[in-house]
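Participant: Below are the C-alpha cells for one structure; questions will follow.
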Amino acid sequence: MLAVGRTGLDEDMLRGDTLGVVVADHSPELRALRDRPRIHFSAASGVDAVREGIERYGFLGTIQVDYGLDQNQIARVAVSNTIAAAVGCLVGGLLGDRFGIQRMLGLFLVLTAVPTLYLAVQIATVGLQQVPIGLLAGVIVIHGLLYGMTFGVHKAVFMGMTNPAVAATQFTAFMAMGNVAISYSNFWQGMVAE
C-alpha cells in the first residue's frame, strides 16, 4: 500500500506499515520522517508525487520497468492487457458454458503457463534487454487474455457451489477474500522486489 502525505495529520499514516511518499510542499512537521527507509520525499507535488512514488516502489509491472519501458509504453501494454483480459473473461465464459466449466478451467490454467514459460526461455537464452519489445508486449497481452479466461470461468465454478437463497452474500464474501489474497500477494511481491 502506498501512503501519500502532505501535513502533520498524515504522520501516523506514513509511519504505519506502508510505503510512503511525502510531497514537495509538505508541512515542516513531516521533516522528522526524512531518515525513515520506507518514506520517500518527492521533489514533486500532487499527482506527480504519487506517480513518482509508484515508480520508485515498483508498483508498475517490474519486468516492464526492468526492460526499460517508459511510462507511455507501460500504459499502452497495460491498456492492451486489460482489454485482452476483459475479452478473455467473455470468451472463457462462453467456452465454459459450451464445453464444461471445470474442464475449461483446468485447460485455461495450464495455458496461462505457456506464455510465461516461453518468455522465461527467451530471457534465459538472450537476456531480458535483448527480447524484442513486440514479443515482450505480445506475451504479456496473451497471458492477460488467458488469465481473463481463467478468471471468468473461475467465478462460475464458485457460483455453482453457492446456495441460491444467499448467493449474493456468498459471492460478495468470496470476491472480498479474493481481493485480500491479491492485495496480500502484491504487497509481498513488492517487499521482495525491494
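The values are calculated or read from the model by the stated rules, or taken from the named source; none is laboratory data. Note that the structure is a prediction, hence the values are computed from the model and not measured. Reconstructed Cβ throughout: ideal geometry from the backbone, glycine too, with neighbour counts over all protein chains shown. Side chains included, ligands, DNA and RNA excluded: accessible areas come from the protein's heavy atoms. Shrake-Rupley method; radii C 1.70, N 1.55, O 1.52, S 1.80 Å.
Participant: Which pairs do you get when a residue that is closer than 13 Å to residue 19 by Cβ and of a type in the set (Lys, Arg), found in segment 37-49, comes within reach of a residue that is in a strand (DSSP E or B) and open to solvent by less than 30 Å² (accessible area, probe 1.4 Å), reach meaning Cβ atoms under 8 angstrom, with the pair 6+ apart or on two chains?
Facilitator: From residues that are closer than 13 Å to residue 19 by Cβ and of a type in the set (Lys, Arg), the pairs are 38/19; 38/20.
Participant: Let me ask something else. Considering segment 4-42 alone, what residues qualify as being at pLDDT below 85 and of a type in the set (Gly, Ala, Ser)?
Facilitator: The one that is at pLDDT below 85 and of a type in the set (Gly, Ala, Ser): 16.
Participant: Answer yes or no: is there a residue in segment 62-72 that is under 13 Å from the mean Cα position of the chain (by Cα) and at pLDDT 90 or above.
Facilitator: no
Participant: In segment 133-149, how many are more than 16 Å from the chain's Cα centre (by Cα) and buried (at least 22 other Cβ atoms within 10 Å of the Cβ)?
Facilitator: Selection size over segment 133-149: 1.
Participant: Any idea which residue in segment 123-132 is surrounded by the fewest Cβ atoms within 10 Å (Cβ to Cβ), counting only those that are in contact (Cβ under 8 Å) with a residue 12 or more places away in the chain and assigned to a helix (DSSP H, G or I)? Outline the logic, then answer.
Facilitator: Of all residues in segment 123-132, those in contact (Cβ under 8 Å) with a residue 12 or more places away in the chain come to 128-129, 131.
From what is left, the residues that are assigned to a helix (DSSP H, G or I) are 128-129.
Working: 128: 14, 129: 9.
Filtering segment 123-132 for residues that are in contact (Cβ under 8 Å) with a residue 12 or more places away in the chain and assigned to a helix (DSSP H, G or I), the one surrounded by the fewest Cβ atoms within 10 Å (Cβ to Cβ) comes out as 129.
Participant: Then there's this: Counting only residues that are exposed (fewer than 15 other Cβ atoms within 10 Å of the Cβ) and β-branched (Val, Ile, Thr), which one in segment 5-51 is nearest to the chain's Cα centre (by Cα)?
Facilitator: Taking the candidates together, the pick is 47.
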